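See structure below.
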Amino acid sequence: MDTPHHTRRLAAIVFTDIVGFSKLTEGDEIKALKLLSIQKQIVQPIVRESGGQWLKEMGDGLLLSFPSSYDAVCCAIGIQKAVREIENLVLRIGVHQGDVVQTENDILGSGVNIASRVETVAPPGGITVSDKVQRDIAHHADLSTQSIGFPKFKGIDIEFEVFCITNDDLPVGTSHGKTEVPRRLAKHKSPVLPIAVAAVVLALVVTLFLRPSGSVDLSAIPPKSIAVLPFDNFAQGEAEENFADGLTEVITATLSKIGELKVISRTSVMSFKGDNRPTSPEIASRLGVAHVLEGSVQRAGEQVRIVVQLIDAREDRHLWSETHDGQFSELFDVQTRVATNIARHLKANLTQQEQEQIARKPTQNMKAYEHYLVLLQRGIVHIDKRELDVNLALAEKVVQLDETFAEAHAIIALCHLGYYWSGIDHTDARLVLAKASVERAVELTPEAAMVHTAKGYLHYWGLGEFDKALVEFRLAQTMEPSASQHIEDIAWVQRAKGDLPLAFDSMDEALELNPQSDLILREMGFTHIVAKNFDRAIEFLNRAILLNDTADYYGLKIDAIWARDGDLETTLAFLKEAQGIVGRDKFLIHEHRFELARGNYAGSLQAIEAIKDDPFLSQSRVIPKSLARAFVYERMGESDKMKAELEASLKMLKRMAIENPIDPRIQMNMGLVYAMRGDAEQAVMRGRQAMALYPLGKNAINAQRIHIQMGIIYLQLGQVDKCIKLLDTLKAKPLGMEVGELKTDVAWDPVRSQEAFKTIVH
């Protein structure tokens with residue numbers, strides 16, 4: 001993949017950090033999550049009004065960019081004034097002006113690094129600036145500063161003076177900085193916040209139930225355990241940063257091949273990337289390991305310097321270090337040597353098979369390997385079209401460079417399977433492409449773990465052969481016993497088989513190796529919804545949201561609340577809160593369903609019109625907007641409008657069926673259209689065709705969700721007895737995802753008193 005366009009420029013960089021956030025998270029994660037949301041809602045408008053650029057969020061910290069030092073400092077003052085009266089929202093802010101490299105969505109360079117260091121010596125509630133910024137603002141009479149000397153900063157050789165901003169009674173610190181949370185800052189005259197900001201703060205009340213993460217007693221941790229911390233990158237540019245992250249990934253993967261080691265997943269360790277990360281013992285405690293590997297990399301062309309050091313976190317003692325200066329082509333030898341030395345120092349025995357796995361070179365083409373490192377960082381299993389498009393293009397480029405690179409063929413297969421499974425392209429043609437890539441990967445290197453992963457997903461996502469999928473995933477696990485990905489894959493198949501207790505056990509095991517994975521926490525929440533453990537689902541989803549406040553996680557939490565309470569007003573209240581945090585457009589489908597269920601037909605139609613995608617789809621449904629409108633008009637008694645929308649729906653679904661003839665979602669919705677038109681023969685035929693394409697044994701979750709829609713077809717046709725018979729076959733199945741709709745959708749009123757229905761709902 002070509003390196004994205006980047007520009008070099010002078011910029012004022014602002015770093016922020018919430019004081020005591022880690023401690024707050026350990027003690028009260030409810031407040032912690034709420035605090036992040038409040039910070040975002042308060043700070044974003046101030047940055048925007050100050051002409052700044054919101055670059056990214058890093059845990060509890062923010063990275064901002066401004067065209068001038070004056071704008072940056074004024075914004076920083078505005079932020080401190082705005083958060084002054086918010087409990088626990090105590091910020092440190094650092095500002096520096098310097099040379100930076102701007103990419104499409106990030107900013108790099110020494111200017112960024114220095115700004116991050118300057119922030120560390122800011123007092124709680126205060127602002128520190130570098131000497132460059134101080135000189136820039138010195139002629140502005142409205143800004144005042146006070147020197148705190150020449151602090152010593154890790155990783156920065158030059159010395160420079162640092163100043164505190166003293167406007168508005170901001171606190172002045174020392175060159176050593178302060179890290180503890182003070183008793184609340186002295187009361188000042190309350191700043192007048194913008195009405196919109198104040199309203200947002202008042203609205204950000206989210207009910208959360210989180211498990212304290214707490215620290216772990218290091219003495220109780222298995223001694224043969226390790227986390228590879230993100231490698232520091234001492235060169236500039238996105239390609240060099242990608243290389244450093246990729247090196248972290250491959251060394252982690254190499255160590256995962258050693259059966260006697262517990263190795264924490266890269267996903268979890270990357271949460272500690274940055275200059276302001278905790279100490280190594282603190283990180284080890286949070287991750288549950290006895291050792292950490294620290295490293296740095298500096299690359300210039302084909303020349304590479306790699307420095308690694310192994311630390312016993314229990315004693316904060318260095319065990320071993322190595323510096324490699326040489327060619328990029330020697331990277332495989334470095335990986336092997338690092339893994340072998342770590343095994344020796346941790347007294348982990350290496351089997352012959354493990355030695356061979358560690359020493360294996362996946363390719364001789366180092367350019368291909370560079371692209372492969374980027375793929376590993378991106379993740380190899382996706383169902384999002386944009387991610388799939390990028391991964392497929394990149395993997396195909398790797399194959400162009402080295403056609404014998406088995407892992408690249410495996411990733412190509414995984415991309416095709418992602419298109420197929422997600423419904424983006426659920427066709428036989430796509431499945432053929434996936435099979436061909438799997439076969440080529442197996443032909444090249446059958447002993448590679450990723451090859452077995454691709455083969456497993458072919459059986460899982462492609463062919464619905466769960467037992468065969470489990471065989472492949474377990475083979476991959478034997479080759480990389482400490483890789484959480486393989487255990488996660490096993491868990492997903494166990495869940496699909498309906499073996500929920502086994503799936504929960506596997507997810508617990510994966511979480512031990514990947515404790516900071518929002519994805520595993522999300523899947524734990526989803527699985528608890530399926531199992532109708534709605535309170536537990538909410539607990540895990542809250543933990544996932546704390547790590548990544550994506551709309552998907554909020555959407556699942558909405559489903560859990562809806563299913564648990566069966567109360568539309570309660571669910572709508574949380575929906576509105578989620579929309580205030582993430583945005584209304586992310587939850588329009590929920591809004592349409594809830595407004596329809598509560599009889600607000602105008603609100604339902606309004607939400608449908610606001611939905612951008614047509615049709616809007618999920619793994620169990622493909623719904624044209626016209627069909628959604630038809631449901632609303634049916635409830636309103638507007639038969640003419642309903643018929644017109646049904647005709648439009650049928651036209652779209654028929655066209656989609658030609659493109660994807662084996663997609664059960666399309667066939668089932670055609671059945672619903674025919675049922676609403678009163679065409680019983682076509683409705684039942686299409687519905688049964690959909691169930692044949694997705695039989696109950698094929699997937700314990702998605703198949704059931706397809707089959708439950710057949711019940712709606714029967715009720716639309718007035719065939720209540722057939723609906724009850726269908727419900728009898730489903731009542732013992734894990735149908736938690738459907739409970740909310742079943743409780744509130746009036747379409748189910750004809751069978752609401754039946755025991756088969758009550759069993760599913762309760």
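Residues that are over 16 Å from residue 89 (Cβ atoms), modelled with pLDDT of 85 or more and touching a strand residue (DSSP E or B) at 6+ places or on another chain (Cβ under 8 Å) within the range 16-68 comprise 48, 50, 51, 52, 53, 54, 63, 64, 65, 66, 67, 68, listed in sequence order. Against the definition (outside the structural domain of residue 420 (by TED's automatic domain parsing), farther than 22 Å from residue 666 by Cα and surrounded by 20 or more Cβ atoms within 10 Å (Cβ to Cβ)), how does residue 608 come out, yes or no? No: the conditions fail for residue 608. Does residue 396 satisfy the condition of being outside any loop (DSSP other than H, G, I, E, B), within 26 Å of residue 482 (Cβ to Cβ) and not basic (Lys, Arg)? No: the conditions fail for residue 396.
Quick check, is residue 220 surrounded by fewer than 23 Cβ atoms within 10 Å (Cβ to Cβ), within 23 Å of the chain's Cα centre (by Cα), of a type outside the set (Phe, Trp, Tyr) and at pLDDT below 90?
Details: surrounded by fewer than 23 Cβ atoms within 10 Å (Cβ to Cβ): yes; within 23 Å of the chain's Cα centre (by Cα): no; of a type outside the set (Phe, Trp, Tyr): yes; at pLDDT below 90: yes.
No.
Consider residue 128 carefully, then state whether it is at pLDDT 85 or above, touching a strand residue (DSSP E or B) at 6+ places or on another chain (Cβ under 9 Å) and over 16 Å from residue 75 (Cβ atoms). In short, no. All conditions in (1) of a type outside the set (Val, Ile, Thr); (2) surrounded by fewer than 16 Cβ atoms within 10 Å (Cβ to Cβ); (3) modelled with pLDDT of 50 or more hold for residue 202, with the sole exception of (3).
Being hydroxyl-bearing (Ser, Thr, Tyr), outside any helix (DSSP H, G or I) and not assigned by TED's automatic domain parsing to the domain that holds residue 349, is that true of even one residue in the range 443-460?
Of the range 443-460, the ones hydroxyl-bearing (Ser, Thr, Tyr) are 445, 453, 457, 460.
Adding the requirement that they be outside any helix (DSSP H, G or I) leaves 445.
From what is left, the residues that are not assigned by TED's automatic domain parsing to the domain that holds residue 349 are 445.
The answer is yes, given that some residue of the range 443-460 is hydroxyl-bearing (Ser, Thr, Tyr), outside any helix (DSSP H, G or I) and not assigned by TED's automatic domain parsing to the domain that holds residue 349.
Here residue 482 meets the list (1) assigned to a helix (DSSP H, G or I); (2) over 29 Å from residue 663 (Cβ atoms); (3) not hydrophobic (A, V, I, L, M, F, W, C) almost entirely, failing just condition (1).
Within the range 583-597, being of a type in the set (D, E, K, R) and more than 19 Å from residue 44 (Cβ to Cβ) holds for 591, 593, 595. Scanning the range 467-490 for residues that are of a type in the set (A, V, I, L, M) and over 24 Å from residue 224 (Cβ atoms) turns up 469, 470, 471.
The C-beta contact set for the range 510-530 (first residue free of Cβ contacts under 8 Å to residues at least 60 places away in the same chain and closer than 17 Å to residue 256 by Cβ, second residue charged (D, E, K, R) and surrounded by 23 or more Cβ atoms within 10 Å (Cβ to Cβ), distance under 7 angstrom, 6+ apart or interchain) comprises 510/488; 520/488.
Being touching a Gly at 6+ places or on another chain (Cβ under 9 Å), among the aliphatic types (A, V, I, L, M) and in contact (Cβ under 8 Å) with a residue 12 or more places away in the chain, is that true of even one residue in the range 453-462?
Step one: filter the range 453-462 for residues touching a Gly at 6+ places or on another chain (Cβ under 9 Å), giving 457, 461.
Those still in the list that are among the aliphatic types (A, V, I, L, M) too: none.
No, every residue in the range 453-462 fails to be touching a Gly at 6+ places or on another chain (Cβ under 9 Å), among the aliphatic types (A, V, I, L, M) and in contact (Cβ under 8 Å) with a residue 12 or more places away in the chain.
Every condition in (1) of a type outside the set (Phe, Trp, Tyr); (2) at pLDDT below 95; (3) in a helix (DSSP H, G or I) is met by residue 438 except one, and the failing one is (2). Number of residues in the range 426-454 that are basic (Lys, Arg) and under 30 Å from the mean Cα position of the chain (by Cα) equals 2.
Give me a count of the residues in the range 47-69 that are touching a residue at least 60 places away in the same chain (Cβ under 8 Å) and either surrounded by 23 or more Cβ atoms within 10 Å (Cβ to Cβ) or farther than 22 Å from residue 113 by Cβ (or both). Talk me through it step by step, then tell me what you get.
To start, the set of residues in the range 47-69 that are touching a residue at least 60 places away in the same chain (Cβ under 8 Å) comprises 58-59, 61, 68-69.
This time we only want the ones that are either surrounded by 23 or more Cβ atoms within 10 Å (Cβ to Cβ) or farther than 22 Å from residue 113 by Cβ (or both), so: 69.
Total satisfying the criteria: 1.
For the structure I just gave you, tell me whether residue 303 is touching a Phe, Trp or Tyr at 6+ places or on another chain (Cβ under 7 Å) and either touching a residue at least 12 places away in the same chain (Cβ under 8 Å) or surrounded by 20 or more Cβ atoms within 10 Å (Cβ to Cβ) (or both). Answer is no for this residue.
The values are calculated or read from the model by the stated rules, or taken from the named source; none is laboratory data. Only a predicted model underlies this, so the values are computations on that prediction, with no experimental measurement involved. Every residue, glycine among them, receives a Cβ derived from its backbone with ideal geometry; neighbour counts consider all protein chains shown.
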